[in-house]
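*Asks:* Submitted below is the structure of interest, expressed as structure tokens.
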Amino acid sequence: MTQINSAQPRHDWTLPEVEALFDLPFMELVFQAATVHRAWFDPSEMQISQLLSVKTGGCAENCGYCSQSAHFKTGLKAEKLMEPAVVIAKAKAARDGGAQRFCMGAAWRELKDRDLPKLAEMIGGVKALGMETCATLGMLTAEQAQQLKDAGLDYYNHNLDTGPDYYADVVTTRTYQERLDTLAHVRDAGMSTCCGGIVGMGEMRRDRAGLLHQLATLPAHPDSLPINGLVPISGTPLGDQILADDAKAIDSIEFVRTIAVARIVCPKAMVRLSAGREGMSRDLQALCFMAGANSIFVGGKLLTTPLPGQDEDSRLFQDLDLRPMAMTKAVLAPETVAAE
Ligand code: SAM
Ligand code: DTB
Ligand code: SF4
């Protein structure tokens, strides 16, 4: 049986090793993940982020799960980039509601230089509220990454989405290598990376292992690792496939296994239970937290799809004795936190 001898981060995971973690008896896997979780974090502490779609819809990419792609008829109305003052007001409300990190998302294939001044104003304004700043704006050049960093951006989200072998079934307008290149620009500019993927898109376990293997062998592990459960959107190829055949949806125990393996292979990452939480029972969310998830999105809405409301999340926190991660701990690198 694969044993986790150390919670020290490793960058030399092999794909068979990651697959072997998935194959562990469930109780053993969750115990090992919970043990690794405790080596770096207080398991009762949860990092809390809130999202805002600052530019919605009309995206040139064909990501087969996305409500915002112009390639599919999802009924979503495309909107222009929001004004910085509106975004900053929404960030303030998010902060007052308990969010520590504010993530601004745009339905773009890549960032255009002409939009940088507005984005810099938004980022600066959100930072001035005392929040951590995050953005997800599509592909970046090295220069753009540096400009975002200079504007005060702490985190950049750019997902690998799935394992390399399933990738062509998900999106064909952006290569895996282009995603890796943007992540390298983000790291080189000195920003923290937020990088994960989606499960429940009809992929096999080996593709989930392939995704986590890629993340665990990056030059630096992601600081935040979002695991999104597919929110099936009618009109998208991947959403329609799941809506037509329930048997293709991911089993909830397999979802928990994915969280546990993510925690083990990237021990210091904030493993975020991201999209899909709205459709999950409290019990399943609790299992995910036991398996090492220590970060969530709150606020009733992700980018275009719903999340549980504030009352529901407050009750969940109360019943599971969870508390928000101290802002200073969320801001410090996990290594620094563990050494305290
Ligand atoms: N356009 C930018 C990009 O793709 O890099 C940023 C925004 S994009 C919506 C951010 C991430 O949201 C995607 O990488 C994907 O992992 C996730 N996502 C989008 N639609 C989703 C859905 N229906 N279910 C689960 N996750 C989804
Ligand atoms: C991530 O991995 N998940 C978030 C964030 N990064 C940007 C986005 C989830 C989007 C879910 C679908 C929607 O609301 O449109
Ligand atoms: Fe565009 Fe991002 Fe949606 Fe892909 S995931 S279609 S890049 S908004």
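*Asks:* If one computes P(r) from the Cα atoms of region 117-214, what percent of pairs lie at distances over 17 Å?
*Replies:* Roughly 53 percent, rounded to a whole number.
*Asks:* Moving on to the next point. Counting only DSSP beta bridges with both residues in region 44-331, what percent are antiparallel, rounded to the nearest 5?
*Replies:* Counting only bridges with both partners in region 44-331, antiparallel ones make up about 5 percent.
*Asks:* Here is a follow-up. Return the subset of 80/301; 92/112; 55/248 for which the Cα-Cα distance in this structure is over 23 Å, preserving the input order.
*Replies:* 92/112; 55/248
*Asks:* Can you tell me the FRET efficiency between residue 253 and residue 310 if r is taken as the Cβ-Cβ distance and R0 is 41 Å, rounded to the nearest 0.05?
*Replies:* Calculated transfer efficiency: 0.90.
*Asks:* Average projected area of the Cα convex hull of region 64-152, in nm²?
*Replies:* Averaging across all directions leaves 6.5 nm² for the Cα convex hull.
*Asks:* In addition: Rounded to two decimal places and with Rh computed the Kirkwood way over Cα pairs, what is Rg over Rh for the chain?
*Replies:* 0.93
*Asks:* Would you rank 234, 192 by solvent-accessible area, highest first, keeping every protein chain in place and using a 1.4 Å probe?
*Replies:* 234, 192
*Asks:* Name the residue, out of 287, 320, 160, whose mean-square fluctuation peaks in a Gaussian network model built on the chain with Cα pairs under 10 Å.
*Replies:* Result: 320 has the largest fluctuation of those listed.
*Asks:* Taking the full set of protein chains and a 1.4 angstrom probe, give the accessible area of residue 204 in square angstrom, rounded to the nearest 10.
*Replies:* 100
*Asks:* To continue, here is another question. Please work out how much accessible surface residue 113 shows to a 1.4 Å probe, ignoring ligands, DNA and RNA, in Å² rounded to 10.
*Replies:* Roughly 100 Å² of residue 113 is accessible to a 1.4 Å probe.
*Asks:* Under a Cβ-Cβ limit of 4.7 Å, which cysteines in the chain have nobody to pair with?
*Replies:* Those would be 59, 194, 195, 266, 288, since no other cysteine Cβ in the chain comes under 4.7 Å of theirs.
*Asks:* In Å², and per residue, what accessible area does region 239-300 have when probed at 1.4 Å with the other protein chains present?
*Replies:* 32
*Asks:* Can you give the net charge of the other residues whose Cβ lies under 10 Å from the Cβ of residue 83, counting K and R as +1 and D and E as -1?
*Replies:* Result for the neighbourhood of residue 83: +1.
*Asks:* For region 5-60, with all protein chains present and a 1.4 Å probe, just round the carbon and sulfur fraction of the accessible area to a whole percent.
*Replies:* 59
*Asks:* Which one, 130, 64, 292, has the greatest fluctuation when you compute a Gaussian network model over the chain with C-alpha springs under 10 angstrom?
*Replies:* Result: 130 has the largest fluctuation of those listed.
The values are calculated or read from the model by the stated rules, or taken from the named source; none is laboratory data. Treat the numbers as computed from the prediction; the structure is a model and nothing was measured. Neighbour counts run over all protein chains shown; Cβ positions are idealised from the backbone, glycine included. What goes into the accessible areas is simple: the full protein's heavy atoms, side chains included, and nothing from ligands, DNA or RNA. Shrake-Rupley method; radii C 1.70, N 1.55, O 1.52, S 1.80 Å.
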